[in-house]
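Structure, as structure tokens:
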Amino acid sequence: MNRLLVILVSMLIAIVASPSRAEDPTSIGNQGWNITADPGRGVLNIEQESLGLVLKDVRLNLQNEHELLPLNEWSVEAAGKSVVTLHTRHPAGSWTFAIRQNSVNISSTFTTAILTAQAPAPQNRIPVRTLDPQGSPVDWRGTDEAMLAYGGTETRNQSFLPRKNPEVMYLALGLVSGSQFHGLFDRKLDVVIQFTDQTTLRRADDDETLLDVKMPVPGNAMIRLIPDYYTQVLGMPSYTPFDDTYFKAAPIVWSSWTGYYQDVTENDIVRNTDWLAKNLKSYGFQFVQLDDGYDRGKNNEHSWIENWDRLKFPHGPQWLTSYIKSKGLHAGLWLVPNAYAGAVDKHPDWYLYSTEGQIVHDYETPALDSTNPQALGFLKTLFSTLDDWGFEYYKFDGEGSLPQTMTELDRDRLFDRSVDPVASYHNRLKVIRETVGPHTFLEGCPAGMPLNGIGYFDSYFNGHDVFNNWSGMHALFSSISANTFFNHIVAYVMPGEGLELGTPMTMEVAKQKRAPGVLKEISQRESPASGVGVTDAEARTLVSYVSLTGVAYPVGNVMPDLPEQRLKLLRQTMPTMPILPLDLFSRGTDLRDTTFRRVHPDDYIHNYPEVLDLKVQAPSGAYDVVALTNWRSEAATRTISLIDKLGLESDSGYIAFDFWNQKLLGVFTDRLQIDIEPHDTRVLSIHPLLKRPQLIGNARHITGAYSILDQRWEAANKKLSGTSESLPEEIYTLWFHVPRGLTLSQVNLVSKTGRKIPAQHVLTGESLMVSFPGQLEPVSWELSFAGGV
């Protein structure tokens with residue numbers, strides 16, 4: 001009996017001391033990471049405490065000449081909390097996963113080792129290109145206004161253009177992927193998950209929120225985290241993920257500044273409001289913003305609510321906002337909350353003073369001390385009043401912390417000398433935001449100061465003022481090039497006060513047709529002054545760049561004077577879409593107010609992208625919208641590799657549709673050659689070729705995505721159908737590619753309520769156009785085909 005007991009106990013000890021069964025999962029965890037290896041299923045999961053699941057269903061493979069060979073049989077050996085080794089059997093070898101503070105290092109004894117996995121990549125975790133420190137150095141900087149006006153230092157951060165495809169800027173509309181992207185950016189946490197440059201990330205066929213990952217491990221590889229990416233790598237002063245709850249896409253704003261400057265009147269606002277409501281409201285236009293010129297005092301100072309010019313605005317601000325609202329639009333106002341002239345005599349302690357004892361001025365107006373609670377109380381009163389008057393959009397100029405910026409400020413005269421200048425500035429913005437609420441749009445113009453309003457502003461205008469010709473529009477292009485990396489990430493980018501879309505005219509002719517401020521600005525900023533307005537090609541480039549980058553859409557002309565063709569350009573590029581940047585770095589800028597007093601635009605060296613690649617995943621399909629720009633004054637012929645520059649698959653053909661010319665260019669396997677006129681932008685939709693009829697574009701919107709609610713293909717019946725939104729005032733046109741061998745047998749269009757809609761269609765070669773009168777309600781279309789491919 002005793003002997004039997006000893007045997008049983010020995011067997012129990014042996015069982016407890018033996019290694020885990022081959023099918024039992026093994027986990028290790030350290031420094032925020034957790035790796036679970038499950039030999040029973042042949043997979044690993046890699047998690048991180050803040051990010052959650054980083055990779056799931058990680059599988060081991062070997063690459064042979066034609067395919068991947070999965071290694072499903074392996075055992076697990078854990079060495080402490082940080083290292084786990086997998087031993088494969090057929091063939092025999094080892095794979096080691098080692099945890100470090102911000103990385104997981106992976107090594108293998110095989111030279112053809114490949115990891116496959118899936119990575120969670122919902123809307124808040126996007127594939128990206130990150131800063132390449134070995135690329136060409138550039139400077140991301142603001143304007144020189146703070147340096148010249150306040151004696152502060154220039155806000156400057158070094159950035160780099162990437163070594164590969166530096167001429168391309170990548171963007172996303174929807175859940176996309178591409179071979180250029182080797183990292184994922186978590187928008188909530190400001191963390192990059194960086195894979196190796198050889199890793200490919202492709203959207204999973206069965207779940208668009210997942211990416212299929214393929215990572216070669218040629219001896220060694222690494223999954224690396226880059227925490228605090230925007231602040232520590234890019235130089236942002238802080239990071240708060242942008243909350244787009246109330247503004248899903250960037251705003252469309254008309255500003256009075258570049259059309260009228262300080263000469264704006266009530267009648268000007270009314271006239272433009274009427275035109276905007278009639279011509280652009282149904283296309284997504286939103287805000288009418290009155291800029292400087294409504295309240296100047298005898299010394300050009302501002303009091304904001306106390307001194308409206310009754311000669312220029314006889315009905316007053318409340319009447320004006322009510323009029324704008326009556327047209328279905330929203331009223332906006334320019335002001336400088338840092339400054340207020342109305343309390344100097346009664347409350348001298350509300351103000352900032354220089355070391356010479358003088359009140360500091362901002363925009364010719366005494367500057368407030370934000371450490372003083374009474375000054376903050378005034379701001380609450382100011383914005384409560386403006387809110388009651390009906391303003392729903394504010395453009396804040398000279399917007400930053402003056403105590404942080406000004407070297408000659410007398411800090412001993414601050415009301416509270418113990419408060420950090422940036423903390424005091426944040427407190428001021430908090431008071432304003434709490435007063436106006438989250439539904440009011442706030443635009444900040446930092447005047448060259450750091451972007452310390454992140455988390456409070458809905459958009460930032462971090463660039464130079466534009467002026468009204470092609471040279472003057474470089475400020476807008478420069479702002480887009482330099483700042484798009486933070487668009488819709490921490491705030492929307494406002495690239496300038498307004499697009500110039502008027503037709504070209506000499507300065508002499510412009511004296512009769514444009515406001516004096518327009519000519520004065522051009523004369524001060526350009527030498528010699530080349531005139532006013534832009535060509536058709538330049539106008540196409542302007543609207544293309546704004547629309548395809550997803551930045552705020554600034555409109556600024558005297559709108560009733562706009563030619564019909566320029567109105568059409570606006571309509572075809574509105575509304576703005578919820579586009580995200582995929583290039584998370586600044587392309588830099590060295591533009592200054594005086595640049596074109598000494599340099600002709602053709603001689604100005606810049607880093608604007610030559611190619612915009614907007615990757616789209618939407619009901620309209622999965623495709624690329626590609627804008628190719630010729631920045632010079634001579635016609636050019638460009639050749640683009642669809643595989644290398646766009647990161648498309650090499651085993652497919654691609655259909656190219658020319659948006660501005662509304663025509664099919666053909667089917668291409670890789671290289672596409674295109675002619676571009678001076679200062680023009682060609683916009684092509686590049687669709688993977690399917691072996692069936694497919695939608696390739698529409699005339700309504702440059703992205704091809706807006707207005708398409710759904711589409712589907714019934715292979716058994718050879719029917720392509722979908723639903724579109726249109727507008728009664730325009731003909732709505734769809735474009736399809738029809739492979740040779742198929743013929744169109746029937747076209748049916750019906751409204752949501754079942755009304756039959758008349759349609760026209762033309763099939764020319766492989767290009768099919770279907771058009772119909774726009775309707776107030778969605779229209780369902782169905783195309784039936786006969787024959788075979």
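Scan segment 100-116 and report the pairs whose first residue is in contact (Cβ under 8 Å) with a residue 12 or more places away in the chain and whose second residue is crowded, with 16+ Cβ neighbours inside 10 Å and of a type in the set (Ser, Thr, Tyr), with Cβ atoms within less than 7 Å and a gap of 6+ or a chain change.
Between residues of segment 100-116 that are in contact (Cβ under 8 Å) with a residue 12 or more places away in the chain and residues that are crowded, with 16+ Cβ neighbours inside 10 Å and of a type in the set (Ser, Thr, Tyr), the close pairs are SER107/THR96.
For segment 112-147, enumerate the residues that are farther than 30 Å from TYR460 by Cα and at pLDDT below 95.
Here is the first cut: in segment 112-147, the residues farther than 30 Å from TYR460 by Cα are 112-120.
Across segment 112-147, there are no qualifying residues.
Scan segment 550-560 and give yes if some residue there is closer than 25 Å to LEU628 by Cα, open to solvent by 10 Å² or more (accessible area, probe 1.4 Å) and not aliphatic (A, V, I, L, M), otherwise no.
The answer is no; no qualifying residue exists.
Any residue at all in segment 461-469 that is surrounded by fewer than 24 Cβ atoms within 10 Å (Cβ to Cβ) and in a loop (DSSP other than H, G, I, E, B)? Even if it seems obvious, please write down each step before you answer.
Kept after step one, since they are surrounded by fewer than 24 Cβ atoms within 10 Å (Cβ to Cβ), are these residues of segment 461-469: 465.
Pick out the ones that are also in a loop (DSSP other than H, G, I, E, B) and you get 465.
Checked segment 461-469: at least one residue is surrounded by fewer than 24 Cβ atoms within 10 Å (Cβ to Cβ) and in a loop (DSSP other than H, G, I, E, B).
Determine whether segment 738-751 contains at least one residue that is at positive phi and small (Gly, Ala, Ser). Even if it seems obvious, please write down each step before you answer.
Taking segment 738-751 and keeping what is at positive phi, we get 741.
Remaining after also requiring small (Gly, Ala, Ser): 741.
Yes - at least one qualifying residue is present in segment 738-751.
Taking the options SER418, SER424, name whichever one is over 27 Å from the mean Cα position of the chain (by Cα) and without any contact (Cβ under 8 Å) to a residue 12 or more places away in the chain.
Working: SER424 fails: without any contact (Cβ under 8 Å) to a residue 12 or more places away in the chain.
On inspection, the qualifying residue turns out to be SER418.
Working only within segment 511-549, note down all residues that are open to solvent by 10 Å² or more (accessible area, probe 1.4 Å) and touching a Leu at 6+ places or on another chain (Cβ under 7 Å).
Passing the criteria: LYS511, ARG540.
Against the definition (modelled with pLDDT of 95 or more, crowded, with 24+ Cβ neighbours inside 10 Å and within 25 Å of the chain's Cα centre (by Cα)), how does MET449 come out, yes or no?
Working: modelled with pLDDT of 95 or more: no; crowded, with 24+ Cβ neighbours inside 10 Å: yes; within 25 Å of the chain's Cα centre (by Cα): yes.
Answer is no for this residue.
Filter segment 393-415 for residues that are touching a strand residue (DSSP E or B) at 6+ places or on another chain (Cβ under 8 Å) and over 22 Å from PRO446 (Cβ atoms); which is least open to solvent (accessible area, probe 1.4 Å)?
The residue in question is ASP410.
Is segment 728-743 home to any residue that is closer than 30 Å to LEU642 by Cβ, open to solvent by 50 Å² or more (accessible area, probe 1.4 Å) and free of Cβ contacts under 8 Å to residues at least 24 places away in the same chain?
no
Does ALA331 qualify as being aliphatic (A, V, I, L, M), open to solvent by less than 10 Å² (accessible area, probe 1.4 Å) and in a loop (DSSP other than H, G, I, E, B)?
Values: aliphatic (A, V, I, L, M): yes; open to solvent by less than 10 Å² (accessible area, probe 1.4 Å): yes; in a loop (DSSP other than H, G, I, E, B): no.
No; evaluated as a whole, the condition is false for this residue.
Only one of (1) under 20 Å from LYS615 (Cβ atoms); (2) open to solvent by 10 Å² or more (accessible area, probe 1.4 Å); (3) in contact with a helix residue (DSSP H, G or I) (Cβ under 6 Å, 6 or more places away or on another chain) is not met by LEU648, so which one is it?
It fails just one condition, (3).
Need a quick list: helices (runs of 4 or more DSSP H) entirely within segment 506-552 having at least 1 residues that are modelled with pLDDT of 95 or more and of a type in the set (Ser, Thr, Tyr).
Details: elements: 507-513, 516-525, 536-549.
Those helices (runs of 4 or more DSSP H) span 516-525, 536-549.
Among what's in segment 100-115 and is open to solvent by 30 Å² or more (accessible area, probe 1.4 Å) and outside any loop (DSSP other than H, G, I, E, B), pick the residue that is farthest from PHE485 (Cα to Cα).
Ranking the candidates gives SER107 first.
Applying the selection to segment 651-685, what residues are in contact (Cβ under 8 Å) with a residue 40 or more places away in the chain and part of a loop (DSSP other than H, G, I, E, B)?
Selection gives PHE659, TRP660, GLN662, GLU677, PRO678, HIS679, ASP680.
Do the conditions hold for ASP590, that is, is it closer than 21 Å to VAL168 by Cα, surrounded by fewer than 19 Cβ atoms within 10 Å (Cβ to Cβ) and acidic (Asp, Glu)?
Details: closer than 21 Å to VAL168 by Cα: yes; surrounded by fewer than 19 Cβ atoms within 10 Å (Cβ to Cβ): yes; acidic (Asp, Glu): yes.
It is true that ASP590 is closer than 21 Å to VAL168 by Cα, surrounded by fewer than 19 Cβ atoms within 10 Å (Cβ to Cβ) and acidic (Asp, Glu).
Answer with yes or no whether LEU720 is modelled with pLDDT of 95 or more, touching a helix residue (DSSP H, G or I) at 6+ places or on another chain (Cβ under 9 Å) and open to solvent by less than 50 Å² (accessible area, probe 1.4 Å).
Working: modelled with pLDDT of 95 or more: yes; touching a helix residue (DSSP H, G or I) at 6+ places or on another chain (Cβ under 9 Å): no; open to solvent by less than 50 Å² (accessible area, probe 1.4 Å): yes.
No, not satisfied.
Only strands (runs of 3 or more DSSP E) wholly contained in segment 686-786 count here; list those with 2 or more residues that are farther than 30 Å from ASN279 by Cβ and polar (S, T, N, Q). Full working, then the answer.
Working: elements: 694-698, 708-714, 719-724, 731-737, 742-751, 760-764, 767-773.
Because the criterion is at least 2 residues that are farther than 30 Å from ASN279 by Cβ and polar (S, T, N, Q), the strands (runs of 3 or more DSSP E) in segment 686-786 that meet it are 742-751.
If you go through segment 79-99 one residue at a time, how many are assigned to a strand (DSSP E or B) and at pLDDT 95 or above?
Just the residues of segment 79-99 that are assigned to a strand (DSSP E or B), to begin with: 79, 83-88, 93-99.
Then drop every residue that is not at pLDDT 95 or above, which leaves 83-88, 93-99.
Number of matching residues: 13.
Restrict the check to segment 757-777 and report whether at least one residue is over 36 Å from the mean Cα position of the chain (by Cα) and among the polar types (S, T, N, Q).
yes
Give segment 237-257 a look and list any residue that's surrounded by 23 or more Cβ atoms within 10 Å (Cβ to Cβ), within 30 Å of THR405 (Cα to Cα) and in contact with a helix residue (DSSP H, G or I) (Cβ under 7 Å, 6 or more places away or on another chain), or say none.
Answer for segment 237-257, where residues must be surrounded by 23 or more Cβ atoms within 10 Å (Cβ to Cβ), within 30 Å of THR405 (Cα to Cα) and in contact with a helix residue (DSSP H, G or I) (Cβ under 7 Å, 6 or more places away or on another chain): just SER256.
Residue under question is ASP613, and the condition is that it be under 25 Å from GLU208 (Cβ atoms), free of Cβ contacts under 8 Å to residues at least 24 places away in the same chain and either of a type in the set (Asp, Glu) or open to solvent by less than 10 Å² (accessible area, probe 1.4 Å) (or both); does it hold?
Working: under 25 Å from GLU208 (Cβ atoms): yes; free of Cβ contacts under 8 Å to residues at least 24 places away in the same chain: no; either of a type in the set (Asp, Glu) or open to solvent by less than 10 Å² (accessible area, probe 1.4 Å) (or both): yes.
For ASP613, the condition - under 25 Å from GLU208 (Cβ atoms), free of Cβ contacts under 8 Å to residues at least 24 places away in the same chain and either of a type in the set (Asp, Glu) or open to solvent by less than 10 Å² (accessible area, probe 1.4 Å) (or both) - is not met.
Taking MET507 and the conditions (1) more than 18 Å from TRP334 (Cα to Cα); (2) in contact with a Pro (Cβ under 9 Å, 6 or more places away or on another chain); (3) open to solvent by 10 Å² or more (accessible area, probe 1.4 Å); (4) not basic (Lys, Arg), which numbered condition does it fall short on, given that it satisfies the others?
(2)
Somewhere in segment 163-171, is a residue within 20 Å of the chain's Cα centre (by Cα), among the β-branched types (Val, Ile, Thr) and more than 20 Å from MET215 (Cβ to Cβ)? Show your work before the answer.
From segment 163-171, those within 20 Å of the chain's Cα centre (by Cα) are 165-171; that's our starting set.
So of that shortlist, the ones also among the β-branched types (Val, Ile, Thr) come out as 168.
Next, only the ones that are more than 20 Å from MET215 (Cβ to Cβ) stay: 168.
Yes; the residues of segment 163-171 include at least one that is within 20 Å of the chain's Cα centre (by Cα), among the β-branched types (Val, Ile, Thr) and more than 20 Å from MET215 (Cβ to Cβ).
Give the number of residues within segment 369-392 that are outside any loop (DSSP other than H, G, I, E, B) and open to solvent by less than 10 Å² (accessible area, probe 1.4 Å).
First, pick out the residues of segment 369-392 that are outside any loop (DSSP other than H, G, I, E, B): 373-389, 391-392.
If we keep only those that are open to solvent by less than 10 Å² (accessible area, probe 1.4 Å) as well, we get 375, 379, 382-383, 386, 391.
Residues meeting the conditions: 6.
The conditions are (1) within 18 Å of GLY453 (Cβ to Cβ); (2) part of a strand (DSSP E or B); (3) in contact with a Lys or Arg (Cβ under 8 Å, 6 or more places away or on another chain), and LYS395 fails exactly one of them. Which is it?
Going through (1) within 18 Å of GLY453 (Cβ to Cβ); (2) part of a strand (DSSP E or B); (3) in contact with a Lys or Arg (Cβ under 8 Å, 6 or more places away or on another chain) one by one, LYS395 breaks only (3).
Return a yes/no flag: does segment 121-131 have any residue that is surrounded by 14 or more Cβ atoms within 10 Å (Cβ to Cβ), part of a strand (DSSP E or B) and either without any contact (Cβ under 8 Å) to a residue 60 or more places away in the chain or of a type in the set (Lys, Arg) (or both).
Step one: of segment 121-131, the residues surrounded by 14 or more Cβ atoms within 10 Å (Cβ to Cβ) are 121, 125-131.
Pick out the ones that are also part of a strand (DSSP E or B) and you get 125-129.
Then drop every residue that is not either without any contact (Cβ under 8 Å) to a residue 60 or more places away in the chain or of a type in the set (Lys, Arg) (or both), which leaves 125, 129.
Yes: segment 121-131 contains one or more residues that are surrounded by 14 or more Cβ atoms within 10 Å (Cβ to Cβ), part of a strand (DSSP E or B) and either without any contact (Cβ under 8 Å) to a residue 60 or more places away in the chain or of a type in the set (Lys, Arg) (or both).
Check TYR363, TYR283, TYR261 and return the single one that is in contact with a Lys or Arg (Cβ under 9 Å, 6 or more places away or on another chain), touching a residue at least 60 places away in the same chain (Cβ under 8 Å) and either of a type in the set (Gly, Ala, Ser) or open to solvent by 10 Å² or more (accessible area, probe 1.4 Å) (or both).
Just a single option satisfies the conditions, and that option is TYR261.
Could you figure out which of (1) at negative phi; (2) crowded, with 21+ Cβ neighbours inside 10 Å isn't true of ASP190?
(1)
The values are calculated or read from the model by the stated rules, or taken from the named source; none is laboratory data. Fair warning: this is a prediction, and the values are worked out from it, not measured in the lab. Ideal geometry is used to build each Cβ from the backbone, glycine not excepted, and the neighbour counts take in all protein chains shown. Side chains included, ligands, DNA and RNA excluded: accessible areas come from the protein's heavy atoms. Shrake-Rupley method; radii C 1.70, N 1.55, O 1.52, S 1.80 Å.
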